[in-house]
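Shown next, in structure tokens, is the structure this report addresses.
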Amino acid sequence: ALVDGARSVGALAVGASLMVASARSISARIAATAAGILFVVITVVALGLSAVITDNVEDEALQRYAARAETEAQAAVDEGTAVFRSASLVGSALSSNASIRADLVALTDPAQPADTPAIVAARSNVTLAVQAFLDQITDSDPRLGPTLIVEPATGTESGAGRIAAAIPDDAPLALELAGSEVVRQALDTQEPAQSVGVFGDVALSLAAAPIALPDAGFRGIVVVTSGLDDTYLAARARPIQSEQDDVSMALVGRSGVLASAGSMINEPAALRVAERAIDGGSELSTSIDGHFLVASPVLANDGVPVMALVLSVPRSQIDATREDLFRVLFLVAMGAAAIALALASLAGERIGAGLRRLTESAAAIRQGDLDVSAGVTTDDELGALGSTFDAMAGSIRTMTQDLRDAAHDEAALRGRLEAVVAGMGDALVAVDGEGRVTDFNAAAEELCDMPAQSARGRRVDEVVQLVGDDGVVLGRRLGRPVLENWTETGSIVQRDGREVPVVVSAGTLRGPGNDVNGAVFVLRDVRRERELERMKTEFLANISHELRTPLTPIKGFASILQTRDLPPERTRGFADEINVAADQMERVIGQLVNFATIVGGRLSLEPEHVAVRGVIDDAVRRWRKRVTDAHEIVRRVPAGTPAVEADRTYLTQVLDELIDNAVKYSPAGGRITVSAAVEPGADPDAAATVRISVADQGVGIPAERLSSIFDDFSQGDASATRRFGGLGLGLALVHRIARAHGGELTCESAPGKGSRFTVELPAAQVAKLPEPVAGEADR
């Protein structure tokens, strides 16, 4: 550093002497000034460049060492491959060795005690066989470590499995190996598995292979290990040490150094770097005491870091490179300054003045002044350069304005297009020429059940799972070039398996040369149209069925009365049947008229104080006359039940619809209970609620249909041969009437146990009704 400083001071002194000597000559002064400026510029640039290059050299070295550390960490993981082969060989040999089959079966039988003489003898035979197999593969892996035979744990034992045999008989290490994730995985899947890990203070590669006997099936696994010890690291570090001295390598766990090669510098620092790499799961590097420390995590088979490989490399090579670089750059700066001085003295004042004007003009343009002009008008090359410079400045002004206008127009157009696409109700998906998604609006996110961020850049057939109405997968068609517009119907299959019917329209996107460079697809969700079509079809089927059912007896009995002379009793009976059928038709038509009135917003209520007991008694009397002996209709109305503020006509219709529903859906008969109850308000000032319920013992309603039974035209079976009739409007009417009164309709039901429908209405703010006569409370 002192030598470089002395050189710099000497160079500055030489430059100052030249400036003083050229004070009487303009050309010499320009030359000296230009040479001095060039020297300063080159020196500053050289210093900056040297710093940048030094940082780059250091960064490149760190990246190289980090890559080497990552390679060595992966090599430690890959050591499991050799152990995997050894475990597979031992497992296959044990599975196919008939001489120890009986010993294996006895040894891996969880019902056999582990310390009986027979089991001890079997363990000895199996251990000798395993040792013989291991002796055969020691040449390929001289670092073979502990070997276990593990059988699945019984219900009363803890851990992944029970140790049947261990070589050597190191109980703590064997128990730790038996409880490892690799053993659990191999026992659970009965498939081979491999990994690396730290067991105690030893780093091991381990592999587990299944033991499956031909007649006895899966009996357990054999676990073979190989030590990641000093000899392993010494062999891995030898190529690096041959390239550079004082290089060391270590495998470091959370508790300390597990194995090392070379002289580790600052072991505590290496431990800190390793812990941070293990915790962070990625490479980590630092510089301390003149060395680079690079740590790379070693991952187990589940991706969890279990230890780190730490590489220590001295900085001496980089420091020497930096010093050589500074020296070369200094010499280059000095030489360039000397050459510049010689050339500048030849150019003279004319070139200096013209260059200054050009330099000033260029600086003005760089700062944004596009109206500047150099004004160099000489007839030589400098004048031609000045004219060319002025023409270039004019072109830059024109091009800049054109670019600004184009950018403004493009931004405005893109903004409008993005607003249109984002506001579309239909899903829009645009792809490039390779079939990759470029645009994906909000409607497409909802339809395809995928965020736009995840969809963009992927192939369209991976994002849009489209199936035609005939079951043919259409996703690949979306990825092919669209040469002409087309439309298809199909279904989008969402990630949860649901299918959404859509109509797909495809259009071509062309580039400036009219070449096909993409396509745009508009997918319209037609679930609503399909549902409306289904509802219309079901409604027409229901209304035709409901009108035809009473019309048949009307026509039949009328025909009989018209063509035959019958006794008065039979005539009256037929007339009664005709009257019942006509009432049924009138009720169907009335339901339609009431539903149309309510849906059209023309429901006009005439509320009054309605005694709950009275309206329930009237309904029960009417329906007792209509039903057969199979149905028993009773009512439960406590004494003092308050009146409700309601339209009597509509409240009567509510009870009729609920009782009719109860009779219809309890074909086997049973009790139908019409009851009322009072629920106090949440606070003393709040009005009470009267709950009017109709309960049956019929077929009940499945849980999955409870959320839709109040929908318009809701039917459990919409076919013409359905078991229960009706338009599917009864409960919908009751629900709307209850809502119009400020109340609510609820349902409790279970299949085969009947249903209970409850209408909640606000109680009228009047005195309670008088107590009933004794014996009249419940009938």
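The values are calculated or read from the model by the stated rules, or taken from the named source; none is laboratory data. Quick caveat: nothing in here was measured; it's all calculated off a predicted structure. Positions of Cβ are backbone-derived with ideal geometry, glycine not excepted, and every protein chain shown enters the neighbour counts. With ligands, DNA and RNA removed, areas are computed over all heavy atoms of the protein, side chains included. Shrake-Rupley method; radii C 1.70, N 1.55, O 1.52, S 1.80 Å.
Scanning segment 720-756 for residues that are farther than 21 Å from VAL610 by Cα and among the aliphatic types (A, V, I, L, M), we see that the one that is modelled with the lowest pLDDT is ALA720. Tell me, please, whether a residue that is modelled with pLDDT under 80 and either more than 30 Å from ARG356 (Cα to Cα) or among the basic types (Lys, Arg) (or both) can be found in segment 82-98. Yes. Assess whether GLN74 counts as being in a helix (DSSP H, G or I) and at pLDDT 70 or above. Yes; evaluated as a whole, the condition is true for this residue.
Quick check, is ASP109 of a type outside the set (S, T, N, Q), outside any helix (DSSP H, G or I) and out of contact with any Cys (no Cβ under 7 Å at 6 or more places or on another chain)? Criteria met by ASP109.
The rows are residues; the columns are (1) open to solvent by 40 Å² or more (accessible area, probe 1.4 Å); (2) under 30 Å from LEU206 (Cα atoms); (3) touching an Asp or Glu at 6+ places or on another chain (Cβ under 9 Å).
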| position | (1), (2), (3) |
| --- | --- |
| ARG68 | yes, yes, no |
| THR71 | yes, yes, no |
| VAL77 | no, yes, no |
| VAL83 | no, yes, yes |
| GLY91 | no, yes, no |
| LEU104 | no, yes, no |
| LEU107 | no, yes, yes |
| PRO113 | yes, yes, no |
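Could you tell me whether segment 93-100 includes any residue that is of a type outside the set (A, V, I, L, M) and within 47 Å of the chain's Cα centre (by Cα)? Checked against the condition, which is being of a type outside the set (A, V, I, L, M) and within 47 Å of the chain's Cα centre (by Cα), segment 93-100 yields at least one hit.
Take the residues of segment 115-136 that are open to solvent by less than 30 Å² (accessible area, probe 1.4 Å) and among the β-branched types (Val, Ile, Thr): which is nearest to ALA76 (Cα to Cα)? Per the stated criteria, the residue is VAL130. Only one entry of GLU771, GLU776 meets the criterion of being of a type in the set (D, E, K, R), at pLDDT below 85, open to solvent by 60 Å² or more (accessible area, probe 1.4 Å) and farther than 20 Å from ILE672 by Cβ, and that entry is GLU771. Filtered by the rule that a residue be assigned to a loop (DSSP other than H, G, I, E, B) and among the hydrophobic types (A, V, I, L, M, F, W, C), segment 475-496 gives VAL482, LEU483.
Put simply, of ARG456, ARG534, ARG480 the only residue that is out of contact with any Lys or Arg (no Cβ under 7 Å at 6 or more places or on another chain), over 22 Å from GLU434 (Cα atoms) and either touching a residue at least 40 places away in the same chain (Cβ under 8 Å) or not aromatic (Phe, Trp, Tyr) (or both) is ARG534. Just so you know, in segment 230-253 the residues that are part of a loop (DSSP other than H, G, I, E, B) and open to solvent by less than 60 Å² (accessible area, probe 1.4 Å) include one that is nearest to PRO297 (Cα to Cα), and it is GLY253. Screening segment 209-254 for residues that are small (Gly, Ala, Ser) and more than 24 Å from PHE292 (Cβ to Cβ) and picking the one that is modelled with the lowest pLDDT gives ALA216.
Scanning segment 187-218 for residues that are within 24 Å of ASP229 (Cβ to Cβ) and open to solvent by less than 30 Å² (accessible area, probe 1.4 Å) yields ALA193, SER195, VAL196, GLY197, PHE199, ALA203, LEU204, SER205, LEU206, ALA207, ALA208, ALA209. Scanning segment 749-765 for residues that are closer than 11 Å to PRO702 by Cα and either surrounded by 15 or more Cβ atoms within 10 Å (Cβ to Cβ) or of a type in the set (Lys, Arg) (or both) turns up SER749, LYS753, GLY754, SER755.
Filtering segment 262-272 to residues that are among the aliphatic types (A, V, I, L, M) and either open to solvent by 10 Å² or more (accessible area, probe 1.4 Å) or assigned to a loop (DSSP other than H, G, I, E, B) (or both) leaves MET264, ILE265, LEU271. For segment 519-540, the condition of being in contact with an Asp or Glu (Cβ under 8 Å, 6 or more places away or on another chain), modelled with pLDDT under 80 and closer than 30 Å to ALA732 by Cα holds for at least one residue. Pairs linking a residue in segment 649-666 that is farther than 12 Å from ARG622 by Cα to a residue that is of a type in the set (Gly, Ala, Ser), with Cβ atoms under 6 Å and 6 or more positions apart or on different chains, are GLU657/GLY730; ASN661/GLY730; TYR665/GLY698; SER666/GLY698. Which numbered condition in (1) in contact (Cβ under 8 Å) with a residue 12 or more places away in the chain; (2) touching a helix residue (DSSP H, G or I) at 6+ places or on another chain (Cβ under 7 Å); (3) more than 25 Å from ARG530 (Cα to Cα) is the only one that VAL429 fails? All conditions are met except number (3). Whether a residue is over 36 Å from the mean Cα position of the chain (by Cα), surrounded by fewer than 18 Cβ atoms within 10 Å (Cβ to Cβ), modelled with pLDDT under 80 and not small (Gly, Ala, Ser) was assessed, and ASP139 passes this test.
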